[in-house]
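Structure first, commentary second.
The values are calculated or read from the model by the stated rules, or taken from the named source; none is laboratory data. Since the model is a prediction, treat every value here as computed from it, not as a measurement. Virtual Cβ from ideal backbone geometry, glycine too; neighbours counted across all protein chains shown.
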Amino acid sequence: MKSNKRFGYFKAIVFLVLAVMPAQVLSQPVEQVLSLAKKEKPVLLETLKDLVSIESGSRDNEGLDKLANLIAGRLKSLDGQVELVEPSNIYKMEDTPEKIGKMVQATFAGAGTKNPAHRAHGHGVSARDARPATLPNRRRSCLRPGNRR
């Protein structure tokens, strides 16, 4: 009886080791990807800084145009075929602005056989068009821009 119990413990330990080993191997960074990510990190951070420094709320057409042009320029610098597209067939809600910012469409040529697509969508709240948020007890929230006490 004692040997069956030991054998059961042994099986459990072997199972755990075998179950954990692939996770350990897969969790190791792929050196080529890691080195490329480290190399590109400063460029990514600079791009993010440039993006967030543009005032671009939903009703800020000047800011939205600047943002679209910045994104288009970055995609062109990566050899993308870029086009600024006016939105059409817009589903309007109560707070939809009269004029909506242009969409940026970029196409990249490649030698692969797959046809991947990436779509991004952003929301922005600027101090110019922010509305006060309310909490359930109807107090004003200080979490939104332009809502200072």
| message | Taking the condition of being in contact with a Lys or Arg (Cβ under 9 Å, 6 or more places away or on another chain) and modelled with pLDDT under 55, how many residues in segment 92-144 meet it? | response | 5
| field | Which listed residue is without any contact (Cβ under 8 Å) to a residue 12 or more places away in the chain, out of contact with any strand residue (DSSP E or B) (no Cβ under 6 Å at 6 or more places or on another chain) and either of a type in the set (Val, Ile, Thr) or not in a helix (DSSP H, G or I) (or both), from 90, 100 | value | 90
